[in-house]
1. Amide H to amide H under 5 Å from LEU48: which residues, 5+ apart in sequence or cross-chain, H placed 1.01 Å off N in plane?
2. Along the Cα→Cβ direction, 7 angstrom out, place labels at ALA52 and ASN81. What is the inter-label distance in nm?
3. Give the calculated FRET efficiency between ARG90 and ASN42 to the nearest 0.05, with a Förster radius of 30 Å applied to their Cβ-Cβ distance.
4. Mind grabbing the base-10 log of I(q)/I(0) for the range 67-108 at q = 0.21, 0.29 Å⁻¹? Debye formula, identical points on the C-alpha positions, no solvent, two decimal places.
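Computed from the coordinates by the stated procedures, all read-outs in this text should not be read as laboratory data. Please read these numbers as outputs of a predicted model, since none were measured by experiment. All Cβ positions, glycine included, derive from the backbone under ideal geometry; neighbour counts span all protein chains shown.
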Amino acid sequence: MNTTTINNHGLPKLPQANSKTGGNSSATTAASADASTAAPRNGDQLKLTDSARALQEVARQHEAAPIDAQRVEQVRRALANGSYKIDAGRVAERMLALDQQLGGPSKA
């Protein structure tokens, strides 16, 4: 069985919910802080579906994609001055292509 490990990629660890009710709130806060920094137990596992793994791979690919700052600025200016034109046919074609990639109904 294939499993994929996910780490927090530098994001702060969030405190875990405390299952006990009532009691000393400072003790609860301390327990939450300890739980948020505790190492994961050896028995903990996460299993991802094939779809989740595919989405994760696409996200990795897009992280490495370069951003054309000049093109971004050009589009920003066109939006600001009202000269940006949207090709509705092209948008529709790309939406249909994406739908097919995601397993949507094929064209009849």
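1. The list, which skips near neighbours in sequence, is THR4.
2. Once both label points are built, they end up 4.8 nm from each other.
3. Numbers: r = 52 Å, r/R0 = 1.73.
Between ARG90 and ASN42 the formula returns 0.05.
4. -0.76, -0.92
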